[in-house]
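Before we start, here is the structure in question, set down as structure tokens.
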Amino acid sequence: MVAYHNPIPERKRRAKDSAGESASGGVGGGMMNAWVQAEKLMQIAIMLPCAGFIGWLAGYGLDRWLHQTWIGMAGAVFGIVAGLVGAVRMATIYANDPGMNKLDENGNDAGNSGKDGDSDKAR
């Protein structure tokens with residue numbers, strides 16, 4: 001079984017006043033939400049090369065220990081496949097995540113930018 005981390009949970013948003021600002025005085029979680037989304041996408045992008053490198057490194061160590069020449073390449077292939085499976089798994093989970101906002105035809109954020117209240121509300 002491949003080691004797997006659960007997705008980052010979305011925090012419940014605080015009640016907003018009529019001006020669209022939170023009770024704590026700051027603008028809704030729009031900027032922090034954008035950073036969390038960027039981190040989720042960076043996790044997916046970094047997973048594949050790191051898994052390939054770790055697989056090659058383990059294979060190289062086995063090559064040196066067992067005096068072979070083919071285990072390093074097999075380890076790299078195994079690492080790439082494992083990284084690809086993990087990246088696809090994470091991408092499907094994040095694609096179904098309601099916190100990942102969609103863009104409209106102008107490229108602007110068409111989803112919930114932290115000004116609509118709780119993310120648990122039915123739409």
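Explain nothing, just compute: Karplus ³J(HN,Hα) = 6.51 cos²θ - 1.76 cosθ + 1.60, θ = phi - 60°, for every residue of segment 38-52 in order, whole Hz, x for Gly and Pro.
For segment 38-52, the Karplus curve yields 5, 5, 4, 6, 5, 4, 5, 5, 7, 4, 5, x, 5, 5, x Hz.
Ignoring solvent entirely, what values of log10 I(q)/I(0) come out of the Debye formula for segment 48-95 at 0.13, 0.20, 0.25 Å⁻¹ when each Cα is a single scatterer?
-0.32, -0.58, -0.75
Read-outs: derived from the displayed coordinates by stated rules, not from any lab. A quick note: this is a predicted structure, and the numbers were derived from the prediction, not measured.
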